1. Under 9 Å between Cβ atoms, at least 6 apart or on separate chains: pull out the pairs that start in the range 268-284 with a residue that is on the phi > 0 side of the Ramachandran plot and end on any residue that is open to solvent by less than 70 Å² (accessible area, probe 1.4 Å) and charged (D, E, K, R).
2. Yes or no: the range 80-91 includes at least one residue that is of a type in the set (D, E, K, R), modelled with pLDDT of 95 or more and outside any helix (DSSP H, G or I).
3. Right, residue 112: at pLDDT below 95 and buried (at least 20 other Cβ atoms within 10 Å of the Cβ) or not?
4. In the range 219-249, what count of residues is obtained for those that are away from the ligand (no atom under 13 Å from the Cβ) and surrounded by 14 or more Cβ atoms within 10 Å (Cβ to Cβ)?
5. Only one residue in 185, 197 is closer than 15 Å to residue 147 by Cβ and open to solvent by 10 Å² or more (accessible area, probe 1.4 Å). Which one?
6. Considering 275, 290, 253, which residue is within 16 Å of the ligand (Cβ to nearest atom), touching a Gly at 6+ places or on another chain (Cβ under 9 Å) and among the acidic types (Asp, Glu)?
7. Looking at the range 162-182, which of the residues that are assigned to a helix (DSSP H, G or I) and open to solvent by less than 60 Å² (accessible area, probe 1.4 Å) is nearest to the ligand (Cβ to nearest atom)?
Amino acid sequence: MKQYDIAIIGGGPAGYSAALYCARAGFTTAVLEQLAPGGQMSTTNEIDNYPGFDDTVDGFDLAEKMQRGAERFGAVTEIADVTSVQLAGDTKLLKTSEGDFEARAVIIATGAAPRELGVAHEKELRGRGVTYCATCDGRMYKDKTVVVVGGGNTAAADALFLAKLCKKVYLVHRRDSLRATRLYIDALQKMKNVEFIWNSQVAEFLYDAKVQGVVVKNVQTGETRRIEAEGIFVAVGRVPNTAMFQGQLELDDAGYIVADESTRTSLPGVYAVGDVRTKVLRQIVTAAADGAVASHYIEEYLA
Ligand code: NAP
């Protein structure tokens, strides 16, 4: 059984910022990460909205810098998949693929993942034409035809970004209007290469080795239509990685951990930082800020 003062679940910007502050404050601190550092950030090639860089920065590089920055003060990275947790009481227990860990406080920084459409073969076509990140993968579809699925701000922003790069963008939404800000809607309506396909869901992916397009079905008439396209950008929201905390911590209706700006959750000694907590703006900079705030309240709690 490994023991630390503070165990941080998840090695994205929120997790490593928390690790930096906690280790620097003198606590034994472990970041439990299942794969590689960075979380969602590491899938983004060009980050322009994190301060301190006079040029665009690669998400993977930034993640490595954040990891090294925390390890410089003694934080330890444990490559371990956390499978279950017992968060009540003074000693917290984390069961992982690499054995059990005990900690006096836990910081949850497990982030969120893109929601899937739930259409057959979606998982196997990921990376073969189906993608969940226009800013990461958009450039691969320069001068090609793509489909964006969704009706929120992400879908609208993605469609706009792709319309500037691609030959043609189909925007498929299950309603007859977007749930996006006016700014995006007005800009999209001015783009000559954007075609809206309203009241429609993706019913099927067309593919051989790679995606060839989709079949969409009108939810009102039942009519189907084939759309040929090289890339399908799914932008139907995000799902927080909170399944293992259900029943132990208060979650909101969408599954995010209820925690205010203090990052404190419904249990003493348990903090939620970054995209996994209820908040207005989910960005790298706000995730990193949460890590610092959590360390402040943990110092108080452990004292
Ligand atoms: P969102 O606002 O939850 O929108 C998700 C969209 O996907 C909705 O239009 C929803 O349809 C649709 N959808 C959900 N499940 C679906 C399914 N299985 N099949 C087809 N369509 C489905 O998510 P988001 O656009 O990712 O935005 C998340 C948050 O980030 C929001 O608060 C948003 O404002 C914010 N954001 C802001 C900006 C910005 O302001 N620059 C940019 C991006 C994101 P219904 O409308 O029918 O529910």
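The values are calculated or read from the model by the stated rules, or taken from the named source; none is laboratory data. Treat the numbers as computed from the prediction; the structure is a model and nothing was measured. Neighbour counts run over all protein chains shown; Cβ positions are idealised from the backbone, glycine included. The accessibility values were calculated without ligands, DNA or RNA, using every heavy atom of the protein model including side chains. Shrake-Rupley method; radii C 1.70, N 1.55, O 1.52, S 1.80 Å.
1. Listed by first residue and then by second, the contacts come to 269/92; 274/290.
2. As a first pass, look at the range 80-91 and keep what is of a type in the set (D, E, K, R): 81, 90.
Those still in the list that are modelled with pLDDT of 95 or more too: 81, 90.
This time we only want the ones that are outside any helix (DSSP H, G or I), so: 81, 90.
Taking every residue of the range 80-91 in turn, at least one turns out to be of a type in the set (D, E, K, R), modelled with pLDDT of 95 or more and outside any helix (DSSP H, G or I).
3. yes
4. The qualifying residues number 11.
5. Criteria check complete, one pass: 197.
6. 275
7. 162
Each row is one residue, and each column tells you yes or no for (1) farther than 18 Å from residue 284 by Cβ; (2) surrounded by fewer than 20 Cβ atoms within 10 Å (Cβ to Cβ).
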site: 2; (1), (2): yes, yes
site: 5; (1), (2): yes, yes
site: 11; (1), (2): no, no
site: 15; (1), (2): no, no
site: 19; (1), (2): no, no
site: 23; (1), (2): yes, no
site: 34; (1), (2): yes, yes
site: 37; (1), (2): no, no
site: 49; (1), (2): no, yes
